[in-house]
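Asker: Can you keep this structure in mind? I'll have questions shortly.
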Amino acid sequence: MIQKLPAKKMVVTGDYAAAYGALLCDVDVVAAYPITPQTLIVEEFSNFVNDGITDAEFIMVESEHSAMSACIAAQAAGARTYTATASQGLALMHEMLFIASALRLPIVMPVVNRTVAAPIGIWCEHNDSMPQRDTGWIQMACEDNQEVLDMIIMAYKIGERKDVLLPVMPCLDAFILSHTVEPVDAPSSDEVADFIGKYEPHAMLDPDNPMAIGTFTPPEYIQELRYQNHVAMENAKKAIKEVTKEFADEFGRDYHGLIEEYKCDDAEVVLITVGTVTGTAREVVDKLRQQGKKVGLIKLRFYRPFPREELRSIAENVEAIGVYDRAISYGSGGPLFIETRNALYGMDVPVLNFLAGLGGRDVVTGDVEKMYEILMKAKDSKPDKEIYWIGTRGVSI
Amino acid sequence: MNIKDLPEESLFTPGHTACAGCPAPAIVRNMMKIFGKDTIVYTPANCLLVFSGTYPYLAWRVPYLHEAFENTAACISGVARAYRKKGKKTLVVGIAGDGGTYDIGIQALSGAAERNEDVIYVCYDNEAYMNTGIQRSGATPYGAATTTTPAGRKIAGKLEHKKDMAEIMRAHEVPYVATLSISHPKDFLEKVEKAKETEGFRYLHVLSPCPTGWRFDPAKSIEIARKAVDSGMWTLYEAEYGEITNIYKPKKKIPVEEYIKGQGRFRHFTPEMIAELQKWVDRKWKRLYGELPES
Ligand SMILES: Cc1ncc(C[n+]2csc(CCOP(=O)(O)OP(=O)(O)O)c2C)c(N)n1
Ligand code: SF4
Ligand SMILES: [Mg+2]
């Protein structure tokens, strides 16, 4: 139970928004371990607990591995759970992420995207969350602090749907969101309670109705479970669209499902962005549009499930597509680029990859302009390469 | 509780697939008789997980969870907190092997003990990683041959002594720590009962002689457990909030040589190795429990 919280306008960091979102969702058990730049989330939640705003159980575990282990166990015991992490902490949790999704436990865990060592760095990069692609979590990226708060609320609603039952990982860029204050509209606790409803576990550890969860299982049974997880992730596409629509109807902010298009209708080239770079790219699109250039932007919100159908339908009408990545799969390309090209398989449109902002380097309007410039060229003549390292010393474009 | 007063009903049923002579099923069956049906059990990866239930079979009649290997104490913390949040009283018990306790699980265990989580943590100690094929653990005694400490021509068995896990737990000053042996059933049941009645973090550590890994006649598990206690290789004691409150002193001490006899894992022992093991036992007793009575 939480104290009644009125709807209010706040000016808060992304981390605060993430913690406040969990508070509004009246989570039962939180287990977390601090890591920069997620620390503010655990600190803020500690304040909520110690000030008596919530009676949630907060387990201050000794590692992220234990944080996820405890969340899984608590959720298996029927609780709504929450944790948050970043970078090294997420890597340490990796083993447990598979278990959360395969046990169909809709845990919500914001990840504050941070560089993964080596060398050690604390600034924004997506090389922590993107390698978690195959762990069976719904994974999405937020553009601003409002979206962080809204997404925590939607994450519970999406994950807890009976046709989904999957854990959800909303991502927010280190410092650019986590430590930057922005105005955020918070709904009231009553509105949120009405919107997400009560968590009703589909299976649970209960002495009155004993069952075993996660036991040793031979090959005769596991393949069907894998299939069911895949179906659930496919179902999540519909759930995401429906929940974003319901959210828009209820709270007036529309996130349009898995992707958000910006000036794509008559665009000749489009750039797919993820995270905070989207804001910078919007500005660039406006500027280029003023110059008469037909450029568009796709804000990719969800990495899993991947918006294959949406991208294919946009790709039908454009002449070149660029994909921005803040992560790299060595020897192949940016993860979103690989994914996009796979989704567009068989379509006759060049797909280029722009790598920028790795290790937390700023991505400025000039960098994005460069991406559009390359894309405009690619629509007219076949590009000689696919992967462009923007703003990288020693690498010419 | 007396043995004859134990309930007939078994919450850990027959039909499991443990090796002949394995004492682990008897350990959990008897514990469960005291814990009762209002209990939730977690088991990490180990022999117990595999032999007590390979889907769709299951020996447990209580809610039962498995997640992974190294996180028993974190998992039982999670279950216990979820139940505390609901305001429902339920006993939450984790049952891990020595590998899952001494080695890979010690971090989570130490954390949960320090937080004084309201749970019971049980270590059944068969002194090696049996489930993966008898590899050494921090619990393996000096000189014992395992598949990773083979009795080779140059190096014969494990070079290091057994880690004292119960002492590590005692140093956490938790409400209750006890060591148990199946050879001493009355003492065993009393300690399990005491654990059940205590609140906060409770740690029970049972020696579980493994005929397969230690290479002895499966009819002799209880006898070997008794010899472990009588030789001082395994010490039965209790501690509350860090203070030892009870030590069982065998009436007649036997030399370690007599304990290791009949166990294939010690077959290569030289007189020097026997002396080294004896020295360890004597040193430990003197430091912690007082001298052992003379044989
Ligand atoms: C992270 C991880 N590392 C290794 C393993 C492989 N593994 C499974 S059980 C086990 C040994 C268990 O030993 P112990 O805890 O002593 O229990 P026992 O089988 O001896 O009863 C190991 C190494 C695993 N499951 N997970
Ligand atoms: S290997 Fe040892 S511990 Fe494992 S089931 Fe067999 S006897 Fe029991
Ligand atoms: Mg073992």
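Where a number appears in this text, it was derived from the coordinates with a stated rule and is not lab data. As the structure is a computational prediction, the values presented were derived from the model and not from experiment. No Cβ is skipped: glycine too gets one built from the backbone with ideal geometry, and neighbour counts run over all protein chains shown.
Asker: Take A:ALA248 and A:ARG361, extend 7 Å from each Cα along the Cα→Cβ direction, and tell me the distance between the two endpoints in nm.
Answerer: So the two model labels end up 3.7 nm from each other.
Asker: I'd like the Kirkwood hydrodynamic radius of the protein assembly as shown, using the inverse of the mean 1/r over distinct C-alpha pairs, in Å.
Answerer: It works out to 27.5 Å.
Asker: Let me ask you something else. May I ask you to derive the relative contact order of chain B, considering only C-alpha pairs under 8 Å and at least 6 residues apart, and to give it as an integer percent?
Answerer: 16 percent
Asker: From other protein chains only, count the Cβ atoms within 10 Å of every residue's Cβ in A:62-68, then give the mean.
Answerer: Average neighbour count from other chains, rounded to a whole number: 6.
Asker: Could you size up the charge dipole of the protein assembly as shown around its Cα centre, putting +1 on the beta carbon of Lys and Arg and -1 on that of Asp and Glu, and report it in debye to the nearest 20?
Answerer: It works out to roughly 2320 debye.
Asker: Residue by residue through the range A:312-328, which ³J(HN,Hα) values in whole Hz follow from phi under the Karplus form 6.51 cos²θ - 1.76 cosθ + 1.60 (θ = phi - 60°), with glycine and proline marked x?
Answerer: Residue by residue, the range A:312-328 yields 4, 6, 6, 4, 4, 10, 10, 9, 7, 10, x, 10, 8, 10, 10, 7, 9 Hz.
Asker: Sticking with this structure for a sec: Using just the C-alpha positions of the range A:259-389 as equal point scatterers, what log10 of I(q)/I(0) does the Debye formula give at each q in 0.09, 0.20 1/Å?
Answerer: Relative scattering, expressed as log10 I(q)/I(0), comes to -0.21, -1.19.
Asker: Sticking with this structure for a sec: Restricted to Cα positions, what overall size does the range A:326-396 have along the principal axes? Three whole-Å values, descending.
Answerer: Answer, in whole Å and largest first: 34, 26, 20 Å.
Asker: Do any trypsin sites (Lys or Arg not before Pro) in the range A:1-104 lie in a loop, going by DSSP, with at most 12 other beta-carbon atoms within 10 Å of their beta carbon, and if so which?
Answerer: A:LYS4
Asker: Can you work out the FRET efficiency for the pair B:GLU294 and B:THR132, with r the C-beta to C-beta distance and R0 = 41 Å, to the nearest 0.05?
Answerer: According to the calculation, E is roughly 0.50.
Asker: Right, something else. Could you compute the FRET efficiency for A:SER332 and A:HIS230, with r as their C-beta to C-beta distance and R0 at 22 Å, rounded to 0.05?
Answerer: Computed FRET efficiency for A:SER332 and A:HIS230: 0.45.
Asker: Provide, as a two-decimal number, the C-alpha radius of gyration of the range B:3-289 over 2.2 N^0.38 Å, N being how many residues it has.
Answerer: 0.96
Asker: Still on this structure, please answer the following. Could you please tell me the mean projected area of the C-alpha convex hull for the range A:55-186, averaged over all directions and given in square nanometres to one decimal?
Answerer: 8.3 nm²
Asker: I'd like the FRET efficiency for B:THR245 and B:MET1, computed as 1/(1 + (r/R0)^6) with the beta carbon distance as r and R0 of 25 Å, rounded to 0.05.
Answerer: Plugging the Cβ-Cβ distance into 1/(1 + (r/R0)^6) gives 0.80.
Asker: In the range B:243-295, which GluC sites (Glu not before Pro) are in a loop and have at most 16 other Cβ atoms within 10 Å, using DSSP for the loop call?
Answerer: Answer by residue number: B:GLU291, B:GLU294.
Asker: Quickly work out the A:MET204-to-B:ARG287 label distance, labels modelled 7 Å from Cα along the C-beta direction, and quote it in nm with one decimal.
Answerer: Rounded to a tenth, the inter-label distance reads 4.8 nm.
Asker: Right, another one. Before anything else, pin down the relative contact order of chain A: Cα pairs under 8 Å, at least 6 apart, normalised by residue count, whole percent.
Answerer: Normalised by residue count, the contact order of chain A is 16 percent.
Asker: Considering Cα pairs under 8 angstrom that are at least six residues apart, work out the relative contact order of the range A:127-192 and quote it in whole percent.
Answerer: 39 percent
Asker: Of the options B:ALA144, B:ILE104, B:PRO63, report the single residue whose Cα projects farthest towards the positive end of the charge dipole of the range B:19-150 (beta-carbon charges: Lys, Arg +1; Asp, Glu -1).
Answerer: B:PRO63
Asker: Over chain A, what per residue volume does the convex hull of the Cα atoms give, in whole Å³?
Answerer: Enclosed volume per residue, from the Cα hull, is 146 Å³.
Asker: Considering only DSSP beta bridges whose two residues both sit in the range A:251-397, what percent are antiparallel, to the nearest 5?
Answerer: 25 percent
Asker: What is the spin-label model distance, in nm, from A:ASN342 to B:GLU8 if the labels are put 7 Å beyond Cα along the C-beta direction?
Answerer: 5.9 nm
Asker: While we're looking at this one, here's another question. Specify which residue in the list A:PRO34, A:PRO110, A:ILE222 is farthest towards the positive end of the charge dipole of the range A:8-251, using unit charges on the beta carbon of Lys, Arg (+1) and Asp, Glu (-1), about the Cα centre.
Answerer: So the residue we want is A:ILE222.
Asker: Quick one: 3J(HN,Hα) in Hz for the range A:150-163, Karplus 6.51/-1.76/1.60 with θ = phi - 60°, rounded, Gly and Pro as x.
Answerer: So the Karplus estimates, Gly and Pro as x, are 4, 6, 4, 5, 5, 4, 5, 5, 6, x, 7, 4, 5, 8 Hz.
Asker: Just checking the output field for B:80-92: average partner chain Cβ neighbours within 10 Å of each residue's Cβ?
Answerer: 6
Asker: About its Cα centre, how strong a charge dipole does chain B have in debye, to the nearest 20, once Lys and Arg get +1 and Asp and Glu get -1 at the Cβ?
Answerer: In debye, rounded to 20, chain B gives about 340.
Asker: If the label point is 7 Å along Cα→Cβ of A:ASP185, which residues in the range A:246-274 have backbone nitrogen under 14 Å from it?
Answerer: Once the point is set 7 Å along Cα→Cβ of A:ASP185, A:247-255 turn out to lie under 14 Å by backbone N, inside the range A:246-274.
Asker: May I pose another question? Just in the range B:163-212: which GluC sites (Glu not before Pro) are loop by DSSP and have at most 12 other Cβ atoms within 10 Å?
Answerer: For GluC sites (Glu not before Pro) across the range B:163-212 that sit outside H, G, I, E and B with at most 12 neighbouring Cβ atoms in 10 Å, the list reads B:GLU199.
Asker: For the protein assembly as shown, what does -39500 (n - 2.57) per DSSP helix run (n ≥ 4), summed and divided by total residues, give at 222 nm, in deg cm²/dmol to the nearest 500?
Answerer: Dividing the helical sum by the residues of the protein assembly as shown leaves -11000 deg cm²/dmol.
Asker: Packing-wise, with mean Cβ within 10 Å as the measure, how do A:327-333, A:201-207, B:230-236 rank, highest first?
Answerer: Order by mean packing, descending: B:230-236, A:201-207, A:327-333.
Asker: At 0.36 nm per residue, minus the direct Cα-Cα distance, what do B:ALA156 and B:LYS261 gain on full extension? Give it in nm, one decimal, please.
Answerer: Roughly 36.1 nm would be gained on extension.
Asker: Peptide A:197-208: average number of partner chain Cβ atoms within 10 Å per residue?
Answerer: Per-residue shielding by partner chains comes out at 3.
Asker: Oh, and also: Counting only residues 5 or more places away or on other chains, whose amide H sits under 5 Å from the amide H of A:PHE216 once H atoms are built in the peptide plane?
Answerer: Correct list: B:TYR55.
Asker: Give me the dipole magnitude in Debye, nearest 20, for the range A:8-251 about the Cα centre, with unit charges on the beta carbon: positive for Lys and Arg, negative for Asp and Glu.
Answerer: Roughly 560 debye for the range A:8-251.
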